[in-house]
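Working notes, beginning with the structure itself.
The values are calculated or read from the model by the stated rules, or taken from the named source; none is laboratory data. Computed from a prediction, not measured in an experiment: that's the story for all the values here. Cβ placement follows ideal geometry from the backbone for every residue including glycine, while neighbour counts extend to all protein chains displayed. Heavy atoms of the whole protein, side chains included, go into the accessibility calculation; ligands, DNA and RNA do not. Shrake-Rupley method; radii C 1.70, N 1.55, O 1.52, S 1.80 Å.
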Amino acid sequence: MAQILDGKAYADKMLDEVKAAVEARAAQGLRAPALAVVLVGADPASQVYVKGKIAACARTGVTSIERRPASDITQDELNWLIDELNENPFVDGILVQLPLPKHLDAKAALHRIHPTKDVDGFHPLNQGRLFEGLPGLRPCTPSACMRMLKAHGVEMKGKRAVVLGRSEIVGKPMALMLLEEHATVTIAHSRTLDLPSVCGEADILVAAIGKPGLVEGSWIKPGAVVVDVGINRVTELALGERIFAAEPEKLAKLKEKGAVLCGDVRYGEALQVAGAVTPVPGGVGPLTIAGLLRNTLDACEQRGN
Ligand code: NAD
């Protein structure tokens, strides 16, 4: 039976460390770090994510600032709003919650954020620093995953790592971070041929594709460390019956509630073959928010405030 990598417990530890650092700053007469969250419109899922981020700020003593422009805001108006936050010396981190309404250019908005306040780590300058192996603000999900793997003593040097997914938010930065730790890294994606055999080579398998239960237990190398980044909402019973064969409680929940959350990996099957695996929910999800708070603290300290 695989070890369960409890992301929630590790995220709690990261948040406690941020809280202690904020308290230590206060003891020296320094202000709390401040995170500005920009939520355009009223997308229900985005509202839930933003609520979680604001709650994590409250828990750690980080000041949160909310900007909630209406969904018909123009690109110019959004740019001005970001400029105002860029210029505000009391704001350390700026996060524009994605997705944005279709008429807005998300990349332009993300690139508008000053690199020193780019706590999501999506600005090309910070991506370039990661590419060069230099310190900087790094994307929250992969950087928090790496912290947790290191804390659990997962050996990466010389290991075969396979990252499923090549997004700029998770897949690509995760691959670079594994490379930095001297793993031999393969990035697989929607055009990769024979995914099961590519996965079968992985000592460390990271799934970040957004396809419920795509990765079967039989694809996993015995003893591998499996990090499941995917968050999927399954509502279809036929799909649930296929992917939850080894998780009867999840199937029962799906039948009872009509929807259930799961990762990209068939967790019940992975538990039987992997050496360690992150659950969904309670794995990578909480780590992402903890990574954001850590980045906000780091941004504040690096700006010398
Ligand atoms: P994305 O849609 O930007 O990228 C998905 C990637 O998966 C693409 O590179 C694509 O090539 C690849 N892919 C799609 N279908 C595939 C297939 N059948 N086989 C192999 N590769 C395939 O997604 P993203 O933003 O990187 O997010 C991926 C998943 O991670 C989503 O479920 C998302 O909700 C989740 N996510 C979770 C967190 C968290 O906090 N846990 C954070 C970010 C993203």
* Total charge dipole magnitude, the chain, about the Cα centre, Cβ charges on Lys, Arg, Asp, Glu only, Debye to nearest 20 -> 280
* Asked: With charges set only on the Cβ (+1 for Lys and Arg, -1 for Asp and Glu), what does the dipole of the range 1-49 come to about its Cα centre, in debye to the nearest 20?
  -> 180
* Would you work out which of P99, L30, H114 lies farthest towards the positive end of the dipole of the range 29-114, given +1 charges on the beta-carbon of Lys and Arg and -1 on that of Asp and Glu, about the Cα centre? => L30
* Would you mind getting the accessible area per residue of the chain, heavy atoms of the protein chains only, 1.4 Å probe, in Å²? => 46
* How many angstrom lie between the C-alpha centres of the range 27-44 and the range 173-219? -> 34
* **Which of S218, S197 is most accessible, then next, and so on - probe 1.4 Å** => S218, S197
* By accessible area of protein heavy atoms, probe 1.4 Å, what ranking do I209, I204 get, highest first? -> I209, I204
* Asked: Using alpha carbon centroids, what distance separates the range 125-160 and the range 238-305, in Å?
  -> 19
* **Options A274, I209, A42, ranked by Cα towards positive dipole end of the chain, top entry (Cβ charges)** => A274
* To do: Would you mind checking the range 173-188 for residues with the amide N under 11 Å from a putative spin-label position 7 Å along Cα→C-beta of E201?
  => 184-188
* **the range 140-285, accessible surface, carbon-and-sulfur percent (1.4 angstrom probe)** => 53
* Structure fact -> Of the convex hull enclosing the alpha-carbon atoms of the range 29-114, the direction-averaged projected area in nm² is 5.5
* Structure fact -> Kirkwood-based Rg/Rh on the Cα set of the chain evaluates to 0.98
* To do: Report in % the part of the accessible area of the range 29-114 that belongs to carbon and sulfur, leaving out ligands and nucleic acids; probe 1.4 Å.
  => 58
* To do: Sum -39500 (n - 2.57) across every DSSP H segment of at least 4 residues in the chain, then divide by the residue count to get the 222 nm mean residue ellipticity, nearest 500.
  => -13500 deg cm²/dmol
* How many nm is it between the label spots at A55 and K19, if each spot is 7 Å from the Cα in line with the beta carbon? -> 1.4
